[in-house]
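Engineer: Below: one structure in structure tokens.
The numbers here are math on the coordinates, done by the rules we state, and not lab data. Since the model is a prediction, treat every value here as computed from it, not as a measurement. Counting neighbours? That spans all protein chains shown, and the Cβs are built from the backbone with ideal geometry, glycine included.
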Amino acid sequence: MVRAFIGLGANLGEAAATVEWAMQQLAGLTATTRVAQSSLYRSVPVDAPGPDYINAVMAIDTDLTAHELLQSLQHIEQVAGRERPCRNAPRTLDLDLLLYGDACLNTPALQVPHPRMWQRAFVLLPLAEIAPDRISAAQLQVVQVQSAVRLSHPGAPEHGVNQVAEVKK
Ligand code: ADP
Ligand code: MG
């Protein structure tokens, strides 16, 4: 079993519902168990127009290889109606393999750790919420000027935008 971390994002349609649905799909993958899932966060698109994103990070333990897992992520994206008209286009669902154990992979189809994760508050804040040991204070410092607002947390009485609370920096 390998501990993997998946970054989820959506900014078209019912984004929060899509992210929640995708986390259920991930938990249901073959040879995979759910370990933890972060709160939902809201972030402004980076280098792109369009509505705000809903983001989250999920940890799973899996016997799938990293490439098998990537294929599963892409299949879930397609079921959610993902299209790729251009780079950074708005999307119904984006699933990125952030970390796969301690593996460093650099193939044309798959780079792990995800090469842009260290520049993105909408990845690092939810990741730090569920796996603080994987992120240093210095790494969080790099993204502290970016906005990523926590919308809900596990165990909150209600999930949704009424639960907005600024994440502690
Ligand atoms: P992005 O998430 O960077 O906005 P896409 O979701 O459109 O872009 O992904 C583009 C390509 O990135 C995919 O076809 C996939 O093969 C590749 N890729 C490389 N490394 C990863 C990774 N760690 N997780 C997800 N996709 C990856
Ligand atoms: Mg992606």
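Engineer: Among Gln71, Gln139, Ala10, whose Cα sits farthest toward the positive end of the charge dipole of region 2-164 (+1 at Cβ of Lys/Arg, -1 at Cβ of Asp/Glu, about the Cα centre)?
Structural biologist: Gln139
Engineer: Under unit Cβ charges (Lys, Arg +1; Asp, Glu -1), what dipole magnitude, rounded to 20 debye, does region 20-155 have relative to its Cα centre?
Structural biologist: Details: 10 positive and 13 negative charges, 70 e Å.
Here region 20-155 has a charge dipole of around 340 debye.
Engineer: Per DSSP H run of n ≥ 4, the term is -39500 (n - 2.57); total these for the chain, divide by its residue number, and report the mean residue ellipticity at 222 nm rounded to 500 deg cm²/dmol.
Structural biologist: Working: 4 runs with 43 residues, N = 169.
Dividing the helical sum by the residues of the chain leaves -7500 deg cm²/dmol.
Engineer: Per Stokes-Einstein, at 4 °C and 1.567 mPa s, what whole-number D in µm² s⁻¹ belongs to the chain, with the Kirkwood radius over Cα pairs as the hydrodynamic radius? Intermediate results must be reported in sequence, preceding the final value.
Structural biologist: On the way: Rh = 16.0 Å.
The estimated diffusion coefficient comes to 81 µm²/s.
Engineer: Here's another thing I want to ask about it. Taking GluC sites (Glu not before Pro) that fall in a DSSP loop and have at most 10 other Cβ atoms within 10 Å as cut points, what is the longest piece of the chain between them?
Structural biologist: Values: sites that count: Glu158, Glu166.
By the stated rule (loop sites, at most 10 other Cβ atoms within 10 Å), 1-157.
Engineer: Still on this structure, please answer the following. So what's the Cα pair-distance distribution over region 30-79, bin width 10 Å, in %?
Structural biologist: 21, 38, 33, 8
Engineer: Compute the label zone of Val142 within region 75-103: residues whose backbone N is under 15 Å from the point 7 Å along Cα-to-Cβ.
Structural biologist: 98-99
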